[in-house]
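S.K.: Could you have a look at this structure, given as structure tokens, before my questions?
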Amino acid sequence: MGGMFFGGLFWLFVFAVFVFIVLRASGSLGGAGVTRQSPLNILEERYAKGEIQREEYLEKRKDLEA
């Protein structure tokens, strides 16, 4: 009876490790699959969201491209 219990725990552990590896690889856990954005992409997103005005966007873009 105890062998079945520990056998079940073993397979549960193996399954949990497998799920963790899959989620980590897909980027769902913020691991290896996470890509960094360039400063220019972040600036463009801020402008698109309306967080900064056109003049500030152009000024910062010029600074980043220099």
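S.K.: Which of the residues that make up segment 52-66 are assigned to a helix (DSSP H, G or I) and either outside the structural domain of residue 41 (by TED's automatic domain parsing) or of a type in the set (S, T, N, Q) (or both)? Lay out the reasoning, then the answer.
M.R.: Of all residues in segment 52-66, those assigned to a helix (DSSP H, G or I) come to 54-65.
Within segment 52-66, no residue meets the criteria.
S.K.: Another question, if that's okay. Only residues in segment 50-62 that are over 12 Å from residue 40 (Cβ atoms) count as the first member; pair them with residues that are among the charged types (D, E, K, R), Cβ under 7 angstrom, at least 6 apart or cross-chain, and list the lot.
M.R.: Correct list of pairs: 52/46.
S.K.: Could you grab me the full set of residues in segment 21-42 that are modelled with pLDDT of 90 or more and either more than 30 Å from residue 63 (Cβ to Cβ) or touching a helix residue (DSSP H, G or I) at 6+ places or on another chain (Cβ under 6 Å) (or both)?
M.R.: 39, 40
The values are calculated or read from the model by the stated rules, or taken from the named source; none is laboratory data. Treat the numbers as computed from the prediction; the structure is a model and nothing was measured. Don't worry about glycine lacking a Cβ; one is built from the backbone with ideal geometry, like all the others, and counts go over all protein chains shown.
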